[in-house]
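Read the structure below first, then the notes.
The values are calculated or read from the model by the stated rules, or taken from the named source; none is laboratory data. In this text the structure is predicted, and so the values were computed from the model without any measurement. Every residue, glycine among them, receives a Cβ derived from its backbone with ideal geometry; neighbour counts consider all protein chains shown. Each accessible area value is taken on the protein alone, full model and side chains, heavy atoms only, with ligands, DNA and RNA left out. Shrake-Rupley method; radii C 1.70, N 1.55, O 1.52, S 1.80 Å.
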Amino acid sequence: MKNDSKSPSARGGFGSKIGFVLAAAGSAVGLGNIWRFPYLAAKYGGGIFLLIYIIFAITFGFTLMLTEIAIGRRTGKSVIGAYKTVNSKFAPLGILAAVIPALILPYYCVIGGWVLKYMTVFVTGGGEEASKATFASASDPEAELSFFAHFIGLLEQPTIFFIIFVLLTSVAVFFGVEKGIEKVSKLLMPVLLILIIGIAVYTLTLDGAGDGLKYYLLPDFNGFTASKFFKTIAAACGQLFYSMSIAMGIMVTYGSYMRKADSLESSVRQIEIFDTLVAILAGLIIVPAVFVFSGGDKSALNAGPGLMFDTLPKVFADMPAGQFIGAAFFILVTLAALTSSISLMETVVAVVIEKFKLSRTVSCVIVIGITLGLGMLSVLGYSVCSDFTIFKMQMLDFFDFITNNLMMPVLALLTCILIGYVVKTKYVEEEVMLGEKQFRSKLLYNVMIKFICPACMIMILLTATKI
């Protein structure tokens, strides 16, 4: 087998398998799991979406994550160098894989700032008051704004919390892979898991939670048309990008830090189990709770992105011990957002280090500057520049759309073509077999990378504007 990788000492790396798994799981576990997964599950039939998602996680998600980590570990390079090393004709994929996290990180940190604000409000005892507060609209005196709508419409507070979140993210990245990211992941991930299990157990003890649990877990195919079925499949596939950090360049970067002695296949399985477990537990917190305190009104579950910032605080306000549970919940979401933003920043920093031969410290400062500059566009897009839109979208929504609905599916599709038909699956199989007696999921992997995954990517692209 050709050795494509650089010496690990030149770039640093994870010191243990558990360190790699927790860091990669931390990257995967983020706002996509705790924020986006529950409202999509509610929107697309509860148990039906959950069933389809689990099937795709152990097939589609496993295949793409294994591919990206294998590319990273075999080449030992950041995304730009990795794709060029695999096949020089596909070098532009590396550029695309570098641009995606560079665009996501700024607006992700803006949302992280929102979460940090809510955590601060609940921890300081103002959760109930904030959930019921209303404010006059500057543009329409007769209209009332919720606490969240009022907050993001300001300039100073969102900017301050955004900057704080960026600086918190940068701390782990400054210290490098083993001393920074790995140590932070080993600390935060167990805390995150304990919090989410504890809150989920408490939520399920509430009177009436059983009906919400039934809606969430049990598939109901009554009135489930073919059109809804395909939309649910596309939504579940799209959610995998958010939930498993696929097609963001992150897994290629983290793979480049992975030790050759560690089992690649079992590591990926452990990451996807951890990630899927957190997503399911997040749904166990949110869906039954909202179901109970809306009086069984399913429409309350379809609040979309506003579910976490508008609906849930009202739920916590009416819940026994709601102030405490709300504080614990937003601490949980803050930790999850941080582990993901750290991986996004590390991916961009790794590119700057490799491309421009700069030190980690200088590279971090450059990336922080770019993040603050681009992130302010999203902050301003909801405040003083709220009238400015691109294709009728606010700046944050525009960045989210072009990365998650267009760029990421394109990157995943072309990666499947590269591995499935250009360099062939043997390229990944050889990396998986290092120190292993067999590639247990070889047949599944070959079928998925060549046929199923490309078909799913095309379906996501075709339905991108309709979900």
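Taking 8 Å as the Cα distance limit and 6 or more residues as the minimum spacing, I'd like the relative contact order of the chain as a percentage.
Relative contact order, the chain: 33 percent.
Assuming a ≥ b ≥ c are the square roots of the Cα gyration tensor eigenvalues, decide whether the stretch 275-387 counts as rounded (a/c under 1.5), prolate (otherwise, with a/b larger than b/c) or oblate.
Verdict is prolate for the stretch 275-387.
How high is the FRET efficiency from Leu434 to Ser137, r the C-beta distance, R0 51 Å, rounded to 0.05?
Taking R0 as 51 Å, the efficiency between Leu434 and Ser137 is 0.25.
Considering only protein heavy atoms, what per residue accessible area in square angstrom results for the stretch 342-414 with a 1.4 angstrom probe?
With all protein chains present, the stretch 342-414 gives 44 Å² per residue.
Under the rule of -39500 (n - 2.57) per DSSP H run of 4 or more residues, summed and divided by the residues of the chain, what mean residue ellipticity at 222 nm is obtained, to the nearest 500 deg cm²/dmol?
-21000 deg cm²/dmol
Enumerate the lysines that Lys117 could reach by cross-link, defined here as Cα to Cα under 18 Å, with residues fewer than 8 away along the same chain left out.
Result set, ordered by chain and number: Lys132, Lys314.
Using a 1.4 Å probe, what is the accessible area per residue for the stretch 111-225, in Å²?
That works out to 52 Å² per residue.
Got a sec to turn the phi values of the stretch 346-352 into Karplus ³J(HN,Hα) couplings, 6.51 cos²θ - 1.76 cosθ + 1.60 with θ = phi - 60°, whole Hz, x for Gly and Pro?
My calculation for the stretch 346-352 gives 4, 4, 6, 4, 4, 5, 5 Hz in order.
Can you tell me how the chain classifies by the Cα gyration tensor, rounded, prolate or oblate, using a/c under 1.5 as the rounded cut?
Judged from the Cα gyration tensor, the chain comes out prolate (a/c at least 1.5, a/b above b/c).
Using the charge dipole of the stretch 168-260 (Lys, Arg: +1 at Cβ; Asp, Glu: -1 at Cβ; taken about the Cα centre), state which of Ala247, Ala209, Tyr257 has its Cα farthest towards the positive end.
After comparing all options, I get Tyr257.
Taking all protein chains as present, what is the carbon and sulfur share of the accessible area of the chain, in % to the nearest whole number, probe 1.4 Å?
Using a 1.4 Å probe with all protein chains present, the chain comes out at 67 percent carbon and sulfur.
Using Cα-Cα distances under 8 Å and only pairs 6 or more residues apart, what relative contact order does the stretch 415-467 have, in percent?
Once normalised by length, the contact order is 43 percent.
With contacts defined as alpha carbon pairs under 8 Å and 6 or more residues apart, what's the relative contact order of the stretch 302-405 in percent?
11
By how many nm would the segment from Thr361 to Val171 lengthen if fully extended, with 0.36 nm per residue of separation less the alpha-carbon distance?
Result: 67.3 nm gained on full extension.
Full-extension gain between Val191 and Thr389, please, as 0.36 nm times their residue separation minus the C-alpha to C-alpha distance.
Length gained, Val191 through Thr389: 67.3 nm.
Name the trypsin sites (Lys or Arg not before Pro) in the stretch 189-257 that are in a loop by DSSP and that have at most 14 other C-beta atoms within 10 Å, would you?
none
Once fully extended, how much extra length lies between Asp207 and Phe229, figured as 0.36 nm per residue of separation less the alpha-carbon to alpha-carbon distance?
4.7 nm
Rounding to the nearest 20 debye, state how big the charge dipole of the stretch 245-297 is about its Cα centre with +1 on each Lys and Arg Cβ and -1 on each Asp and Glu Cβ.
Magnitude of the dipole: close to 220 debye.
Mind checking which lysines have their Cα closer than 23 Å to the Cα of Lys186? Skip sequence neighbours fewer than 8 apart in that chain.
In chain and number order, the partners are Lys17, Lys260.
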